[in-house]
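The values are calculated or read from the model by the stated rules, or taken from the named source; none is laboratory data. These numbers come from a predicted model, not from an experiment. As a convention, Cβ positions derive from the backbone with ideal geometry for all residues, glycine included, and neighbour counts pool all protein chains shown.
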Amino acid sequence: MPDAKTTRHADAALRTGLGRVLLFVYGVFALSASARAGVQIGTHFAEAPLAYLLSALAGLVYVAATAGLAIGGSRGRRIALTSCTIELLGVLIVGTLSIADRVAFPDDTVWSRFGSGYGYVPLVLPFVGLWWLWRHRPRQAVS
Amino acid sequence: MPVNGPLSVATIIAALLLAAWFLLRAALDRAPSRADLLAAALLGALVAVLVVVAVVGLFDGTRPSDTATFAGYLITTIAFAPVALYLARMEPTRWGNLILGIACLVLPVLVLRLQQIASVTGA
């Protein structure tokens with residue numbers, strides 16, 4: 001049985017320090033990706049349905065990651081871990097497809113061309129996020 | 001459009017100078033001082049003036065053809081510095097200065113986007 005106090009302390013650190021910087025950056029991307037998807041789907045969904053649905057997915061993933069980092073604890077960590085993993089897969093897959101198959105991606109998403117429209121931050125962010133979550137994995141208490 | 005005036009240029013330059021300052025402070029492992037927080041608050045005030053001028057411009061002259069997006073960016077822009085300041089105050093370490101530095105890098109992008117959207121006006 002791990003000592004509850006020690007585990008909670010390790011998890012609490014997830015929300016402080018660099019964790020708070022990540023919270024801020026993920027929050028910015030949650031807002032921009034969701035707003036972008038909202039405008040795209042609301043005004044010209046028929047033009048590129050696949051790209052716009054991916055925009056919406058990206059927005060949801062960023063919202064989930066932001067929420068996970070804000071909640072903290074083992075539950076928040078699990079949410080953040082899941083969303084950062086989907087985010088990494090998303091930016092790699094969508095980034096590759098958007099270069100290989102321009103026809104399927106006539107309009108940009110946050111993840112198009114590995115996030116070049118956003119200074120490649122979407123490509124770097126999941127690595128930093130996963131590294132941070134890995135550094136603050138819950139450890140067994142020393143008894 | 002008002003967002004293309006000298007006030008925008010001043011805001012962008014001030015934000016970039018402060019970004020360099022905050023990133024330097026973070027690199028030197030300094031927590032935000034009172035002066036740092038005050039500087040960020042003053043930049044927030046400058047941005048608020050810019051947004052108010054832009055909102056007044058909406059009711060007096062040509063409107064951007066994408067008014068909804070423009071309004072969304074205006075809300076984001078005016079809220080941006082206060083949110084960063086709130087988070088930075090909770091983080092009295094070098095990371096607090098990094099939050100302020102990132103905010104000061106994003107603000108010019110927001111102002112440039114406002115200018116882009118404002119420059120497209122409906123017939």
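From the list A:Arg15, A:Arg20, exactly one residue is of a type in the set (Lys, Arg), in contact (Cβ under 8 Å) with a residue 24 or more places away in the chain and either surrounded by fewer than 23 Cβ atoms within 10 Å (Cβ to Cβ) or away from chain B (no Cβ under 12 Å) (or both). Which is it? Spell out the reasoning first.
Details: A:Arg20 fails: in contact (Cβ under 8 Å) with a residue 24 or more places away in the chain.
It is A:Arg15.
Enumerate the pairs (first residue in segment A:47-70 and farther than 19 Å from A:Thr85 by Cα and in contact (Cβ under 8 Å) with a residue 24 or more places away in the chain; second residue anywhere and in a helix (DSSP H, G or I) and among the polar types (S, T, N, Q)) with beta-carbon separation below 7 Å, excluding pairs fewer than 6 apart on the same chain, so at least 6 apart or on different chains.
A:Tyr52/A:Gln40
Within segment A:70-86, does at least one residue satisfy the condition of being surrounded by fewer than 18 Cβ atoms within 10 Å (Cβ to Cβ) and closer than 29 Å to B:Pro108 by Cβ?
Yes, segment A:70-86 has at least one match.
Looking at segment A:62-91, which of the residues that are touching a Gly at 6+ places or on another chain (Cβ under 9 Å) and small (Gly, Ala, Ser) is modelled with the lowest pLDDT?
Per the criteria, the residue is A:Gly72.
Can you pull out the residues in segment B:103-123 that are assigned to a helix (DSSP H, G or I) and either more than 19 Å from B:Leu17 (Cβ to Cβ) or free of Cβ contacts under 8 Å to residues at least 40 places away in the same chain (or both)? Write out each step before concluding.
First, the residues of segment B:103-123 that are assigned to a helix (DSSP H, G or I): B:103-119.
Answer for segment B:103-123, where residues must be assigned to a helix (DSSP H, G or I) and either more than 19 Å from B:Leu17 (Cβ to Cβ) or free of Cβ contacts under 8 Å to residues at least 40 places away in the same chain (or both): B:Val106, B:Val109, B:Leu110, B:Arg113, B:Leu114, B:Gln115, B:Gln116, B:Ile117, B:Ala118, B:Ser119.
Could you look through segment B:62-90, keep only residues that are touching a Pro at 6+ places or on another chain (Cβ under 8 Å) and not aromatic (Phe, Trp, Tyr), and pick out the one that is nearest to A:Gly38 (Cα to Cα)? Lay out the reasoning, then the answer.
Pass one, segment B:62-90, residues touching a Pro at 6+ places or on another chain (Cβ under 8 Å): B:70, B:88-89.
Okay, now just the ones that are also not aromatic (Phe, Trp, Tyr), so B:88-89.
Working: B:Ala88: 29, B:Arg89: 32 Å.
Per the stated criteria, the residue is B:Ala88.
Among the residues of segment B:60-81, write down those that are buried (at least 16 other Cβ atoms within 10 Å of the Cβ) and either facing chain A (nearest Cβ under 8 Å) or assigned to a helix (DSSP H, G or I) (or both).
Matches in segment B:60-81: B:Thr69, B:Phe70, B:Gly72, B:Tyr73, B:Leu74, B:Thr76, B:Thr77, B:Ile78, B:Phe80, B:Ala81.
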